[in-house]
1. Cut-off under 17 Å on the C-alpha distance; same-chain residues fewer than 8 positions from residue 56 excluded. Which aspartates and glutamates are left, in chain and number order?
2. Mind listing which GluC sites (Glu not before Pro) in the range 357-465 are in a DSSP loop and have 15 or fewer other Cβ atoms within 10 Å?
3. For the chain, calculate the relative contact order in percent as a whole number, restricting contacts to Cα pairs under 8 Å that are 6 or more residues apart.
4. Below 13 angstrom from the Cβ of residue 404, what's the summed charge of the other residues (Lys, Arg +1; Asp, Glu -1)?
5. Filter the chymotrypsin sites (Phe, Trp or Tyr not before Pro) in the range 187-272 to those in DSSP coil with at most 16 other Cβ atoms within 10 Å of their Cβ, and list the result.
6. Which is farthest toward the positive dipole end of the range 18-91 among 72, 54, 37, measuring Cα position about the Cα centre, with Cβ charges +1 (Lys, Arg) and -1 (Asp, Glu)?
7. Of the listed pairs 117/202; 211/614; 184/493, which have alpha-carbon separations greater than 31 Å here?
8. Any idea what the dipole of the chain comes to, in debye rounded to 20, about its Cα centre with Lys/Arg Cβ at +1 and Asp/Glu Cβ at -1?
Amino acid sequence: MSDETLSNLLKEDRRFEPPAEIAEHANLKEEAYERAASDRDAFWAEQAERLDWAEKWDRVLDWDDAPFAKWFVGGKLNASYNCVDRHVEAGRGDKVAIHWVGEPLDDTRDITYAQLKDEVSKAANALTELGVQTGDRVAIYLPMIPEAVVAMLACARIGAPHTVVFGGFSADALASRLDDCQAKVVITSDGGYRRGAPSALKPAVDEARTKTDVVEKVLVVRRTGQDVDWDDAVDVWWHDAVDNASAEHTPEAFDAEHPLYVMYTSGTTGKPKGILHTTGGYLVGTSYTHWAVFDLKPETDVYWCSADIGWVTGHSYMVYGPLANGATQVMYEGTPDAPERGRWWQIIQDYKVTIFYTAPTAIRSFMKQGREIPDRFDMSSLRILGSVGEPINPEAYVWYRHVIGGDRTPVVDTWWQTETGMIMISPLPGVTHGKPGSAMIPIPGISADVVTEEGTSVPHGSGGYLVLTEPWPSMLRTIWGDDERFKDTYWSKYAKEGWYFAGDGAKKDSDGDLWVLGRVDDVMNVSGHRLSTTEIESALVSHPKVAEAAVVGAKDEDTGQAVCAFVILREEAGDGGEDIVEELRNHVRKEIGAIAKPRQIMIVPELPKTRSGKIMRRLLRDVAEHREVGDVTTLADSTVMDLIKDKESSGG
Ligand code: 6R9
């Protein structure tokens, strides 16, 4: 990385101290870092004590067959019991587990832990009745309705690993996942509400069943009441099977390494990777981090994670972490703009949400709409804000803290992955000062480093590859059915050192704090200088007229790669004026340096994003290099590329 780019990042010198109130009562204090590092096994054993074990483990970690880990060897537990029953047994059955908010106004349900226990027990009985046995895989293809949580916990209760497929995925994507993990049962619904209208789900399951014959039964929740095709031999209504089942169900204790779920995530090749998580270590990792990073006070906090259940964030920080901790949380079915743009802030006001966890892409879209919208609501209940999914640019961080958090709230920028299962690098809200744009340092118990291609730790002020240097409880155990790909993808680059290669580029600043710069394939090389796409995007977004920016490196005869930027202007900036492109090019030059000045800037109405909000730079690179645009099937909105191409051909 060039000195120029580094010094630009280091110019970000705003700092936010932890509020005294949060610091004083913080769940984890400074000393935890030292304690965890001095005896790692003892630290994780201490964290494991937050769960109820039917049988205690005799060994914390078995790493003899690395990289195949076994955590809490010999221990037995039931994840569903830990998320539900034990809270009821402890006298907290009347506590609300989920304030569920449907997208149609006034369509809400409050579900207590006692009710959740009954629902999960019934669903577990119903699944058993449908022929699901311990070890069988069950796919879940549902909108954000309570039955999605119930279904996951019911699977966990009977030891049937679930694979949740995001409701926005196509029939093809669903079929390939069903096939890959040989799912015997699919749990779906007629449809769900999105942007004010019912959208169908079951037809995709019907179509997927024409492409694979692994599915024996489809359990269908009635959510919207829309018409569905029905196959009597396969389809079963949830309200028939579950509502009539017994609410008595004794959870069996499973081995700590019993598979809990498979979550598919995209890799560098076309075939998605089925990331396998197991029971004991995963639950220890998610409950510990949910408690430590969000400083959870289960008695008083109202927590809300806006992620969809179809992503790992929904698994770790909507289902397993919060419920294992006995938290009260909000779950929202719809989009942020239904029926109008203030919906999220309305929910925070209505439920007095205290901890809010969302993604930078959402924050930037709210910035674009302007602060007038959130300013209409009372969000003084908020005390901690979280960010996840991609690097948060300093402008978005400061806006989030200032406009949403009223300048009271620490922002925890949490770095982790589907593969890590839990948050790995993040500030602790009562300990770490906030540095906009930096995820700071690994949380207590976790070891990470930034290293060169050859595996040497980089000095402060330099960049390289992010690696995790010690195993952790919620690490992926393998890629479903493909141990070789697991070893190749994550453990071969630094095989000698035994490190996990995260696939992200990062830098250490002069304090040794970490800045995750994005996937290594998002790193450009311009005239021999390594430039981060994120960093240039961040510079663009710091311009008052810019709402969002995506940067790619396009092949260039002279410089190897050249910087090409796609920019969405803020609404109040109108068309930006005649010289907007030159103005922005010069702005980047001023912020970062001449080397980063974009060769080309296109003003566009939208950016191509996956359904989890990640910008698909691959497609933008196609445009920048004047190629036919590649596969758009994983885009949230596949028409976006047409809008961008129109712009390009009109010289926009
Ligand atoms: C949880 C989740 C993982 C990739 C990861 C990185 C990016 C996530 C980030 C971040 C910078 C953060 N990422 N959090 N980059 N700062 N706080 O998002 O999992 O969907 O598997 O994505 O997301 O590139 O490698 P997943």
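1. 41, 46, 252, 255, 257
2. On the way: sites: 372, 395, 419, 453, 454; in loops: 419, 453, 454.
Filter output for the range 357-465: 453, 454.
3. Numbers: 1413 pairs, mean separation 84.3, N = 652.
After rounding, I find 13 percent.
4. Numbers: positive: 364, 371, 376, 383, 401, 408; negative: 375, 378, 407.
Charge balance near residue 404 sits at +3.
5. Details: sites: 193, 230, 237, 238, 254, 261, 264; in loops: 230.
Passing both the DSSP loop test and the Cβ count: 230.
6. 54
7. Numbers: 117/202 27 Å; 211/614 28 Å; 184/493 36 Å.
With Cα atoms farther than 31 Å apart: 184/493.
8. Working: 69 positive and 105 negative charges, 120 e Å.
I would put it at about 580 debye.
We did not get these values from a lab; they are worked out from the coordinates using the rules stated. Just so it is clear, the structure is predicted and the values come from calculations on it, not from any experiment. Here Cβ is always computed from backbone atoms with ideal geometry, including for glycine, and neighbour counts include all displayed protein chains.
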